[in-house]
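Engineer: I have a structure I would like to understand better, so I am pasting it below and will then ask my questions one at a time.
The values are calculated or read from the model by the stated rules, or taken from the named source; none is laboratory data. No experiment lies behind these values; they were computed from the predicted model shown. Every residue, glycine among them, receives a Cβ derived from its backbone with ideal geometry; neighbour counts consider all protein chains shown. Note: areas computed on protein heavy atoms with side chains; ligands, DNA, RNA excluded. Shrake-Rupley method; radii C 1.70, N 1.55, O 1.52, S 1.80 Å.
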Amino acid sequence: MRVLITVPPAKSHLLPLVPLAWSLIGHGHEVLVASASSAVPAAVAAGLRTVDVAPDADFDAVFGVRDGTPAERAADLRRRGEELARNGGATTAPIFERFAQVSGLMAAGTLAVAELVRPDLVVTGRLQGAGLLVGSRFDVPVVEHGVGLVTDPGHAGRFLPHLSELYAAHGVPLEPPQLATLHIAPPEIMVGGGRGVWNMRFVAYNGGGELPGWAGERARPRVVVTLGTVLPRAVGVDGLGGVLKALAQVDAEVVLLGSGMDALGPLPANVRAERWLPLSALLEVSNAIVHHGGGGTALNAINAGIPQLAIPFAADEFVNADVISRHRLGLAATLEELDGGLLERVLHDPGLSAGARWARERSRACPVPGEMVGALAAWAR
């Protein structure tokens, strides 16, 4: 079976698909990744055959990364995120419109790759309209691979009208392909119920990397702090100043992950800054995580079975923060609400620890990617 994997142009959208890609390869199937921007080096680093389908595209312009001041961008991102939360996590029209533009920049290259390899199956990340287009153009079954905690039933069908100009430009009738959905979060906690065509266990993959010797030594509790890979580029890291001030009040070792941390100035004595470490491995030797509420980060914490403190800034982060709080996987707060007391709770509240372990158990009850390969191959025929 020949499988084309296509995702939006971001590393965070690519990483959740890597375990399935390698499971397909391990069962003898051919896999090719078609994406752009930071997803391309991430796929190459994962050892996957990869094509950059839009090497000259300016995706930052589409996402407004350079528009206005960091404070103005942060306010706009928050407004969009809060709108998404009010919509129950279902993708809003402005998000569809923006990703329709992204899909347009990637469509010609993705279609050219598909023309060359003639896939038997397309696995597409959510909000990648080029994957739907390939399925419709070549009459190939498509699997929409989830990346977070939201089911959003009928997502692809609601995306399709926003892709009408793209379909027309390539002479493809505006009809949905044969479509299935695969979720990677425990169905018990997903917004919308989580029961898709398939539910698969989330297998943590963050790229290879060496853990330093200190990671195996814990004289006191360890807290990981990260804003993920996208947010620091858009709004900077100033928001972490308050987080670190609160963490300085807590008897814990703090590991601050991410680039651009020099902007924070001198760090508290209990804080260690690292530009990058493999998150899943670090969480296995940590006690809690403070993060922005990103779906991938939340799933890594669930996989490690540790409590989370989510401080949402944008996109689906407000929805994810609500899931974390509602199911007692941890807590959710704003920067203004954050203090040492909340951090102490995340570290020491037995109820939150129990909730985190429960979510890990529910995740591990789902079939692993290797167990899904046969079903995908049968469905593609």
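Engineer: Somewhere in segment 106-124, is a residue open to solvent by 10 Å² or more (accessible area, probe 1.4 Å) and within 19 Å of the chain's Cα centre (by Cα)?
Structural biologist: No, the conditions are met nowhere in segment 106-124.
Engineer: Quick check on segment 329-361: of everything there that is at pLDDT 95 or above and basic (K, R), which residue is most open to solvent (accessible area, probe 1.4 Å)?
Structural biologist: R357
Engineer: Among the candidates R345, R362, single out the residue that is among the basic types (K, R), more than 30 Å from D120 (Cβ to Cβ) and in contact (Cβ under 8 Å) with a residue 24 or more places away in the chain.
Structural biologist: Answer to the check: R362.
Engineer: Out of (1) among the charged types (D, E, K, R); (2) open to solvent by 50 Å² or more (accessible area, probe 1.4 Å); (3) not in a loop (DSSP other than H, G, I, E, B), what's the single condition that is false for D60?
Structural biologist: Single failed check for D60: (2).
Engineer: So which residues in segment 309-328 are open to solvent by 10 Å² or more (accessible area, probe 1.4 Å), without any contact (Cβ under 8 Å) to a residue 24 or more places away in the chain and not basic (K, R), if there are any at all?
Structural biologist: S325
Engineer: Given the options V230, V150, V142, name the one that is of a type in the set (V, I, T), buried (at least 23 other Cβ atoms within 10 Å of the Cβ) and modelled with pLDDT under 95.
Structural biologist: V150
Engineer: Could you run through segment 165-180 and say how many residues are open to solvent by less than 30 Å² (accessible area, probe 1.4 Å) and touching a strand residue (DSSP E or B) at 6+ places or on another chain (Cβ under 7 Å)?
Structural biologist: 2
Engineer: Does segment 10-21 include one or more residues that are at pLDDT below 85 and part of a helix (DSSP H, G or I)?
Structural biologist: Within segment 10-21 (the criterion being at pLDDT below 85 and part of a helix (DSSP H, G or I)), the answer is no, since none of the residues qualifies.
Condition check ((1) touching a helix residue (DSSP H, G or I) at 6+ places or on another chain (Cβ under 9 Å); (2) in contact (Cβ under 8 Å) with a residue 60 or more places away in the chain) across all residues:
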| site | (1), (2) |
| --- | --- |
| H27 | yes, yes |
| A57 | yes, no |
| A61 | no, no |
| A85 | yes, yes |
| P94 | yes, no |
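Engineer: Please name all residue pairs, on different chains or six or more residues apart, with Cβ atoms under 9 Å, provided the first residue is in segment 264-293 and is at positive phi and the second residue is aromatic (F, W, Y) and open to solvent by 20 Å² or more (accessible area, probe 1.4 Å).
Structural biologist: If the second residue must be aromatic (F, W, Y) and open to solvent by 20 Å² or more (accessible area, probe 1.4 Å), the pairs left are G293/F313; G293/F318.
Engineer: Any residue at all in segment 180-187 that is in a loop (DSSP other than H, G, I, E, B), more than 18 Å from A298 (Cβ to Cβ) and not aliphatic (A, V, I, L, M)?
Structural biologist: Scanning segment 180-187 turns up no residue that is in a loop (DSSP other than H, G, I, E, B), more than 18 Å from A298 (Cβ to Cβ) and not aliphatic (A, V, I, L, M).
Engineer: Then there's this: Just name the residue that is most open to solvent (accessible area, probe 1.4 Å) out of those in segment 125-139 that are under 22 Å from A21 (Cα atoms) and not small (G, A, S).
Structural biologist: My answer is D139.
Engineer: Only one residue in G293, G305 is in contact with a Pro (Cβ under 6 Å, 6 or more places away or on another chain) and within 25 Å of P19 (Cα to Cα), so which one is that?
Structural biologist: G293
Engineer: Which residue, of Y205, Y167, is assigned to a helix (DSSP H, G or I) and either at pLDDT below 85 or not small (G, A, S) (or both)?
Structural biologist: Y167
Engineer: Restricting attention to segment 358-370, does a residue exist that is within 23 Å of M190 (Cα to Cα), part of a helix (DSSP H, G or I) and over 21 Å from the mean Cα position of the chain (by Cα)?
Structural biologist: Yes, some residue in segment 358-370 is within 23 Å of M190 (Cα to Cα), part of a helix (DSSP H, G or I) and over 21 Å from the mean Cα position of the chain (by Cα).
Engineer: Might you check whether a residue that is without any contact (Cβ under 8 Å) to a residue 40 or more places away in the chain, within 23 Å of G213 (Cβ to Cβ) and either among the charged types (D, E, K, R) or open to solvent by less than 30 Å² (accessible area, probe 1.4 Å) (or both) occurs anywhere in segment 301-308?
Structural biologist: no
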